[in-house]
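Structure, as structure tokens:
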Amino acid sequence: MSTPKNQFSPRIFSGIQPSGGLTLGNYLGALKRFVEKQNEGIETIYCLVDLHAITVWQDPARLRDQTREAAAGFIAAGIDPKRSILFNQSQVSAHAELGWIFNCVARMGWMNRMTQWKDKAGKDSEKASLGLFAYPSLMAADILLYHATHVPVGEDQKQHVELCRDIAAKFNHDYGVDFFPITQPVIEGAATRVMSLRDGTKKMSKSDPSDASRINLTDDSDTIAQKFRKAKTDSEPLPETLEGLKDRPDAKNLVNIFAALSDQSPTEVINQYAGQGFGTFKPALADLAVEKLSPIANEMKRLMADPAEIDRILGDGADRADVIAQPILARTLEITGMIRSRRT
Ligand code: AMP
Ligand code: TRP
């Protein structure tokens with residue numbers, strides 16, 4: 001992890017939308033790394049970005065449930081709410097306030113180039129919410145409100161973190177300050193882009209209509225095993241080298257998942273299974289996934305039985321986040337020329 005060239009001390013921030021259940025993609029691409037960073041002893045702040053979730057319609061009761069479920073998923077996966085700050089975005093109003101300032105820094109052209117905007121708004125962008133368009137600007141606010149230096153994310157978020165760097169640089173330049181850090185994305189590991197189990201060319205996603213396309217962190221052991229057994233593959237045995245997976249997206253995806261779950265490199269997995277068919281590899285992968293994921297599902301179930309405790313943890317996290325965020329927001333407003341004369 002290289003540190004940006006400025007005065008900022010290392011601080012990690014990342015977020016996940018509570019717009020559906022957590023998937024194996026979220027776990028391997030994001031959550032598992034969040035835990036690693038926490039355990040390396042770096043200051044870590046993790047956020048359930050409910051304000052981002054409502055950029056597309058969310059049923060209010062479901063949003064609340066999904067936010068609690070995501071919090072339970074974080075804790076079950078190893079986030080310690082005492083060592084990390086864990087909270088939901090809307091409880092710290094400074095996110096929305098800094099988001100507005102950044103809406104006035106970011107350019108329409110920058111937003112128009114975002115591939116996630118193009119994918120999500122599709123052909124009918126006239127009907128997309130204004131919030132969906134401004135989404136990356138709020139994401140920059142999430143990160144820069146804490147002067148975060150590093151942001152662990154999956155591959156699909158790289159462009160948004162680069163936009164955050166552009167916003168920080170433009171703000172610093174326009175106001176003649178060196179106030180916001182130029183944050184680094186951290187995209188590491190064997191599974192930075194976990195693909196659908198039904199189509200190795202599509203990202204595994206909580207919004208895919210097919211439940212068989214993804215592993216949910218709440219799936220029980222039988223469901224996990226069955227989904228891997230039924231995962232789409234070709235009929236060739238596994239190759240001798242990684243290059244042999246080049247035009248085999250489904251096989252490559254399963255090898256990457258195996259590698260990430262077992263903390264090995266894809267090459268190590270290939271060395272172990274070269275020449276073997278999926279009749280051998282899939283059951284081994286299913287066993288490994290059940291071994292790693294079912295304790296998380298069980299712990300989530302236990303935690304979700306006490307929603308009041310989850311709300312308490314999120315409230316405590318929000319209080320601690322606010323202590324860091326408020327002075328940075330106040331200084332930002334001062335820099336931009338806003339009068340700050342209230343006594344309370
Ligand atoms: P989201 O669910 O879109 O809020 O994503 C939360 C985090 O999980 C982000 O860091 C994403 O990059 C990561 N993520 C989501 N889906 C995947 C996937 N299929 N593979 C790897 N990372 C993912
Ligand atoms: N846009 C991210 C996603 O969909 C979620 C997110 C919001 C985020 N704010 C963030 C990720 C800040 C990292 C840092 O995955």
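Brief remarks on what is shown
- Filtering Ala30, Ala70 for residues that are closer than 16 Å to Val151 by Cβ, small (Gly, Ala, Ser) and within 11 Å of ligand 1 (Cβ to nearest atom) leaves a single hit, Ala30.
- Number of positions in segment 167-197 that are over 19 Å from the mean Cα position of the chain (by Cα) and closer than 19 Å to Gly20 by Cα: 1
- Residues that are within 14 Å of Asp50 (Cα to Cα) and β-branched (Val, Ile, Thr), drawn from segment 86-141: Val92
- Residue in segment 109-140 that is surrounded by the most Cβ atoms within 10 Å (Cβ to Cβ), counting only those that are among the aliphatic types (A, V, I, L, M), assigned to a helix (DSSP H, G or I) and within 16 Å of ligand 1 (Cβ to nearest atom): Ala140
- Filter result (in a helix (DSSP H, G or I), farther than 23 Å from Asn26 by Cβ and of a type in the set (Asp, Glu)) within segment 235-260: Glu243
- Take the conditions (1) surrounded by 16 or more Cβ atoms within 10 Å (Cβ to Cβ); (2) more than 25 Å from Ser9 (Cα to Cα); (3) more than 12 Å from ligand 1 (Cβ to nearest atom); (4) without any contact (Cβ under 8 Å) to a residue 24 or more places away in the chain; Asn172 misses just one of them, which is (2).
- Some residue of segment 157-169 being farther than 23 Å from Pro10 by Cα, away from ligand 1 (no atom under 16 Å from the Cβ) and of a type in the set (D, E, K, R): no
- Selected residue (only one of Gln91, Gln157 is within 12 Å of ligand 2 (Cβ to nearest atom) and of a type in the set (S, T, N, Q)): Gln157
- Residue check, Gly73 assigned to a helix (DSSP H, G or I), small (Gly, Ala, Ser) and in contact (Cβ under 8 Å) with a residue 12 or more places away in the chain: yes
- Inside segment 76-108, residues that are under 23 Å from Gly176 (Cα atoms) and either small (Gly, Ala, Ser) or not in a helix (DSSP H, G or I) (or both) make up a count of 6.
- Residue count for segment 146-156 under the criterion of being more than 13 Å from ligand 1 (Cβ to nearest atom) and among the hydrophobic types (A, V, I, L, M, F, W, C): the result is 1.
- Enumeration of residues in segment 4-36 that are more than 12 Å from Phe74 (Cα to Cα), more than 15 Å from ligand 2 (Cβ to nearest atom) and in a helix (DSSP H, G or I): Glu36
- The set of residues in segment 165-182 that are within 15 Å of ligand 2 (Cβ to nearest atom) and either basic (Lys, Arg) or in contact with a Leu (Cβ under 7 Å, 6 or more places away or on another chain) (or both) comprises Arg165, Ala168, Phe180.
- Candidates Ala128, Ala121 - the one that is at pLDDT below 95, in contact with a Lys or Arg (Cβ under 9 Å, 6 or more places away or on another chain) and small (Gly, Ala, Ser): Ala121
- Scanning segment 321-335 finds one or more residues that are touching a strand residue (DSSP E or B) at 6+ places or on another chain (Cβ under 8 Å) and of a type in the set (Gly, Ala, Ser).
Matching residues to (1) at pLDDT below 95; (2) within 11 Å of ligand 1 (Cβ to nearest atom); (3) β-branched (Val, Ile, Thr):
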| site | (1), (2), (3) |
| --- | --- |
| Ser2 | yes, no, no |
| Arg11 | no, no, no |
| Ile45 | no, no, yes |
| Leu51 | no, no, no |
| Ala61 | no, no, no |
| Arg64 | no, no, no |
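- Selection within segment 200-234 - in a loop (DSSP other than H, G, I, E, B) and without any contact (Cβ under 8 Å) to a residue 12 or more places away in the chain: Lys202, Pro209
- Selection status of Arg193, buried (at least 20 other Cβ atoms within 10 Å of the Cβ), touching a residue at least 12 places away in the same chain (Cβ under 8 Å) and within 16 Å of ligand 2 (Cβ to nearest atom): no
- Residue-level check: of (1) assigned to a helix (DSSP H, G or I); (2) under 24 Å from Leu329 (Cβ atoms); (3) touching a residue at least 12 places away in the same chain (Cβ under 8 Å), His147 misses just (1).
- Verdict on Ile143 being at pLDDT 95 or above, within 16 Å of ligand 1 (Cβ to nearest atom) and crowded, with 17+ Cβ neighbours inside 10 Å: yes
The values are calculated or read from the model by the stated rules, or taken from the named source; none is laboratory data. What you see is a predicted model; the values in this text were computed from it and never measured. Glycine gets a Cβ as well: all are built from the backbone with ideal geometry, and neighbour counts include every protein chain shown.
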